[in-house]
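Following: one structure in structure tokens, then a few remarks.
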Amino acid sequence: MASESELPDRSRLHRITPAPEVRIVHLGPGAFFRAFGAVYTDEVNTVNDEGWGILAVSLRSPTAANQLNPQDGIYHSVTFSKEGLQPKLISSIVRTLVAPDDPGAVVAEMAEPAVKVVSLTITEKGYCHRPSDGKLNLKHPDIIHDLNNWLQPVSAIGFIVAALAKRRMAGDKPFTVLSCDNLPSNGALVRGIVVEFAQNLDRELANWIEAQVSFPSSMVDRITPATTAEDINALSLITGTLDLGCVFHEQFRQWVIEDDFCNGRPLWELAGAQFVTEVDAHELKKLRCLNGTHSALAYLGYLAGFETISETVSDPDFTLFCEMLWTDEIIPTVPQPEGENLFTYSAKLMERYQDTSIRHRTWQIAMDGSQKLPQRILGTILDNLAIDRVSPGLYLAVAAWIFYIGGVDENGQEIDVRDPLAAELKAASDNAKHASGKVDAILSLPELFPKPLVENVVFRDAVIEAYEILLEVGAMVAVRQLVRT
Ligand code: CS2
């Protein structure tokens, strides 16, 4: 057994040069941000001397702060590759705050004129919007709370509006709000929600925000599974240091950003980010081709007994299923982004999914389906229905999601369903009988499925039929039957 002095030592991770000035506040410093935005910023900081420091803010849990603050914000970003783990030290995060500890202090930090950009990776549910139409959900408890306590907010939207209000009162320039979440037209979406929230507080503030604040859209892409205890151990064997803030990810990364910043920005292009005038085609490509198939593989793969995406696509029928989704159902709905070939893109995606060094759990991707399905799958189905093209693979994926949120797998084992609407979804499913009753119960939940889809008989009947097939033969055979007919 190793003696105590041989155990990896966390105190070796500390800052030896002064931290850069805080010019970015980032809301949601989970694994994805630490593997992505913080890495791009770190790389820019090493090649020019502007120094963009990040103040990270967790909106709920103290986990990130406990991981990062004792290490001066320094951690390893580790690339999984066939050649093994490739760790790199990242030092762009200066400090991490836990918003519920002192919301007023977070607002004050965001209101500092030195802060030029407020970026977000708060996941789909963090926007407190209605998935069916992208508008602010005024019935959301966090929004109700924040409209009544605007200086002590709990939601990201509440923090942004409170800080912008302070900037306006002080006569300072606003910051840019940069959404880095997997939502279509994420800039326009967050603009709409922020402005609507502000209108409910103060119309003049809302007008000022509309006129002065930039909300660029961005497309973000890097597969980053949740860090496990084994990952931390494997890294400590290489570095001799215990790093509780480390993150693990694939080599690939792509960041396409609309170049619309009202108060300056880091030169992220020095680290390979693409600045463009129009992001929508890139977003649609990524949301439908990558996230759409990810979710389809997550629900069907989980039900078929696969733990990870690479295990799922190691099954030849699932590989064919995924390729069928791209070729027949998804790519025909996606406009070709400039300079990209969607078939080359999806072939490369299959290689990324097949990489066994990345253990991306189907259960992790299956989380929050109620917030993810509209932009990943339902929009594609709607576009196909509009020209009478059927989407049998995506119908099966929707049926698999409805099966999954019922909370019991094909072997009668309980599924740990994580979703902000988990209780409502389960109750709707439990209270209904037979495939048609369950599908109708979920389709008719308010503000979830877009209206034209709820009213579409072809869609409803096809999902019921797919659900019946899942009940009868299970996900593995259902996928096999589909790709072999
Ligand atoms: C995944 C994404 O968890 C999920 O829902 O589909 O996190 C995916 O890995 C990233 O968007 C890849 O860029």
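General remarks:
- Qualifying residue in segment 255-262 (condition: out of contact with any Lys or Arg (no Cβ under 9 Å at 6 or more places or on another chain), in contact (Cβ under 8 Å) with a residue 40 or more places away in the chain and either away from the ligand (no atom under 16 Å from the Cβ) or not basic (Lys, Arg) (or both)): yes
- As a summary of the residue check, residue 19 satisfies the conditions (1) modelled with pLDDT of 95 or more; (2) within 21 Å of residue 108 (Cβ to Cβ) except for the one numbered (1).
- Meets criteria (open to solvent by 20 Å² or more (accessible area, probe 1.4 Å) and not assigned by TED's automatic domain parsing to the domain that holds residue 229) for residue 355: yes
- Residue 382 vs. criteria more than 16 Å from the ligand (Cβ to nearest atom), modelled with pLDDT of 95 or more and crowded, with 17+ Cβ neighbours inside 10 Å: yes
- Checking each residue in segment 403-441 for being at pLDDT 95 or above and either basic (Lys, Arg) or outside the structural domain of residue 454 (by TED's automatic domain parsing) (or both) picks out 418, 426, 438.
- Selection status of residue 371, more than 23 Å from residue 469 (Cβ to Cβ), within 16 Å of the ligand (Cβ to nearest atom) and open to solvent by 50 Å² or more (accessible area, probe 1.4 Å): no
- Residues that are open to solvent by 10 Å² or more (accessible area, probe 1.4 Å), away from the ligand (no atom under 16 Å from the Cβ) and farther than 23 Å from residue 254 by Cα number at least 2 in the following helices (runs of 4 or more DSSP H) confined to segment 284-328: 316-324.
- So residue 39, is it within 16 Å of the ligand (Cβ to nearest atom), in contact (Cβ under 8 Å) with a residue 40 or more places away in the chain, outside any strand (DSSP E or B) and hydrophobic (A, V, I, L, M, F, W, C): yes
- From the list 473, 458, 479, the one residue that fits, being in a helix (DSSP H, G or I) and either closer than 18 Å to residue 326 by Cα or of a type in the set (Asp, Glu) (or both), is 479.
- Test: residue 448 is surrounded by 16 or more Cβ atoms within 10 Å (Cβ to Cβ), out of contact with any strand residue (DSSP E or B) (no Cβ under 8 Å at 6 or more places or on another chain), hydrophobic (A, V, I, L, M, F, W, C) and not in a helix (DSSP H, G or I): yes
- Flag for residue 171 being free of Cβ contacts under 8 Å to residues at least 40 places away in the same chain, touching a Phe, Trp or Tyr at 6+ places or on another chain (Cβ under 8 Å) and not hydrophobic (A, V, I, L, M, F, W, C): no
- Count of segment 243-253 residues which are in a loop (DSSP other than H, G, I, E, B) and either open to solvent by less than 50 Å² (accessible area, probe 1.4 Å) or within 16 Å of the ligand (Cβ to nearest atom) (or both): 7
- Apart from one condition, residue 366 fits all of (1) open to solvent by 10 Å² or more (accessible area, probe 1.4 Å); (2) closer than 30 Å to residue 85 by Cβ; (3) of a type in the set (A, V, I, L, M, F, W, C); (4) within 15 Å of the ligand (Cβ to nearest atom); the exception is (1).
- Within segment 272-283, the set of residues being under 20 Å from residue 332 (Cβ atoms) and open to solvent by less than 30 Å² (accessible area, probe 1.4 Å) comprises 281, 282, 283.
- Looking only at segment 70-101, residues that are open to solvent by 10 Å² or more (accessible area, probe 1.4 Å) and farther than 16 Å from residue 27 by Cα come to 16 in all.
- For segment 394-435, the set of residues classified as touching a residue at least 12 places away in the same chain (Cβ under 8 Å), more than 18 Å from residue 471 (Cβ to Cβ) and in a helix (DSSP H, G or I) consists of 394, 422, 424, listed by residue number.
- Close pairs from segment 313-337: first under 22 Å from residue 218 (Cβ atoms), partner open to solvent by 60 Å² or more (accessible area, probe 1.4 Å), Cβ under 6 Å, at least 6 apart: 333/383
The values are calculated or read from the model by the stated rules, or taken from the named source; none is laboratory data. These figures come from a predicted structure and were not determined experimentally. Here Cβ is always computed from backbone atoms with ideal geometry, including for glycine, and neighbour counts include all displayed protein chains. Surface areas here come from the heavy atoms of the whole protein model, side chains and all, with no ligands, DNA or RNA. Shrake-Rupley method; radii C 1.70, N 1.55, O 1.52, S 1.80 Å.
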